[in-house]
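Only one structure is covered here, and it is reproduced in the block below.
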Amino acid sequence: MSASVGFHLPPRAVSRLDTLVDGIEANPGPLLNPAALREASEDLDIRNAIEQLPDGMSLEDFVGILKLAMLTECATDSYSAVFQDGAERFDSPWLARFNERIWTPDEHTHYTPYKLMLQSLGYSEEELDREMREVQERNYEHCCGRSPVELTTYGIIQEYLTDNWHGMISTLLKPSAPYAAKCASMVKRRETLHTTWYREMTAIQVEENPEMLHLVADTVLTFQMPGTRLVPEFGSRSLEWMSKANVDFPRVARDFVRNFQQVAGTMKRAGQLFVELAARRSVKLGPMPLSAARRVLDRIGGPGYGLIGEALMDKFGIPRPTTESRTGPISLPPRMYEAFRARVRGMIIQRIETAAIIGEV
Ligand SMILES: [Fe+2]
Ligand SMILES: [Fe+2]
């Protein structure tokens, strides 16, 4: 766990975060209804899906995918305790309130459809309850720091990847078990909202204190999905299963960059964040380690990082805001600036691999 060194928010940030959580509390969106799901358990029969799995995906893979969803979701209280602890330690009632009143009760409903689907495949309720209890009793060690900005950054990545997982299940079920697919997609929609909320919380903290960007980077670098820690027998196979389910990895990378570009808030800060991530992953840019390129960029200042930010958006196919100022450093005539810009772009496009930014997905 990092020491969350330097976490600080000005009062304006706290008041904006309070207002954001007020808005979420006033309009949390439609929650799942576990009682209604249990009543519709016949429609959650997914036996037909077994015949229609993608080539290369076995029944064991498919059951593992569902169990990973159920077991990761059932351990909500373990993650919730970490957020509550961080909120209290860093005196952040806005985060405590969000965690306690919105996030935790919402997450408590997410395992239900998967338990019912697994029951339709012949797993007994007792057996599944026992497996869930075992996971709930395991000691959960959080991968990352506990200051609010680290927790909300962790939330973005965790929720985004979970959103993908439920989406993947929904796609697998759609042709053979439409109601089950719909339920998976309802869970997915909750995770989409959670991703958005954590992203907005993180963006406010960074906007009000840009130094927080380092804690964002710390979290991205040490992030691990809770499933890989609590349910390693399934969590360690998640990439293999995503490949077998034909998940579009470039889309995942693009979404990741887009989320963090929004967290950064400006092209300059997006460039700073991505250069810090790449440098700390020891990426080289040509013959020069990125840490050396960073020293040069620090001398050029904002415009240098802004160019990196722009180049990254282009590489990942993310539209850039056209309103942002594109003026070069005063010392460079416009034509030289354009040439410099084209070079930086070329370098990023050729040399920065997806993994340098987001790690191994
Ligand atoms: Fe969830
Ligand atoms: Fe969630």
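The values are calculated or read from the model by the stated rules, or taken from the named source; none is laboratory data. Computed from a prediction, not measured in an experiment: that's the story for all the values here. In this analysis, Cβ positions are derived from the backbone assuming ideal geometry, glycine residues included, and neighbour counts consider all displayed protein chains.
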Complete set of residues in segment 10-65 that are without any contact (Cβ under 8 Å) to a residue 24 or more places away in the chain and either basic (Lys, Arg) or under 30 Å from Glu211 (Cβ atoms) (or both): Pro11, Ser15, Thr19, Asp22, Gly23
Odd one out for Met57 among (1) more than 16 Å from ligand 1 (Cβ to nearest atom); (2) part of a helix (DSSP H, G or I); (3) of a type outside the set (D, E, K, R): (2)
Single unsatisfied condition, Ser236 versus (1) farther than 30 Å from Arg138 by Cα; (2) hydroxyl-bearing (Ser, Thr, Tyr); (3) surrounded by fewer than 16 Cβ atoms within 10 Å (Cβ to Cβ): (1)
Residues within segment 87-107 that are closer than 22 Å to Glu141 by Cα, over 19 Å from the mean Cα position of the chain (by Cα) and assigned to a helix (DSSP H, G or I), tallied: 6
Residue under evaluation Pro105, criteria (1) more than 14 Å from ligand 2 (Cβ to nearest atom); (2) at pLDDT 95 or above, criterion not met: (1)
For Leu66: the one exception among (1) over 27 Å from Pro232 (Cβ atoms); (2) outside any loop (DSSP other than H, G, I, E, B): (1)
Residue count for segment 165-208, restricted to those that are within 13 Å of ligand 2 (Cβ to nearest atom) and under 30 Å from Val14 (Cβ atoms): 11
Residue among Arg89, Arg133 that alone is free of Cβ contacts under 8 Å to residues at least 60 places away in the same chain, surrounded by fewer than 24 Cβ atoms within 10 Å (Cβ to Cβ) and touching a Lys or Arg at 6+ places or on another chain (Cβ under 8 Å): Arg89
Segment 164-208: number of residues that are closer than 30 Å to Trp94 by Cα and of a type in the set (Lys, Arg): 4
Selection status of Leu239, within 16 Å of ligand 2 (Cβ to nearest atom), within 30 Å of Pro54 (Cα to Cα) and more than 12 Å from the chain's Cα centre (by Cα): no
Every residue from segment 92-101 that is surrounded by fewer than 19 Cβ atoms within 10 Å (Cβ to Cβ) and within 19 Å of Leu32 (Cα to Cα): Glu100, Arg101
Single unsatisfied condition, Thr171 versus (1) within 30 Å of Asn48 (Cβ to Cβ); (2) within 16 Å of ligand 1 (Cβ to nearest atom); (3) polar (S, T, N, Q): (2)
Among residues of segment 6-49, those that are of a type in the set (D, E, K, R), in a loop (DSSP other than H, G, I, E, B) and exposed (fewer than 14 other Cβ atoms within 10 Å of the Cβ), counted: 0
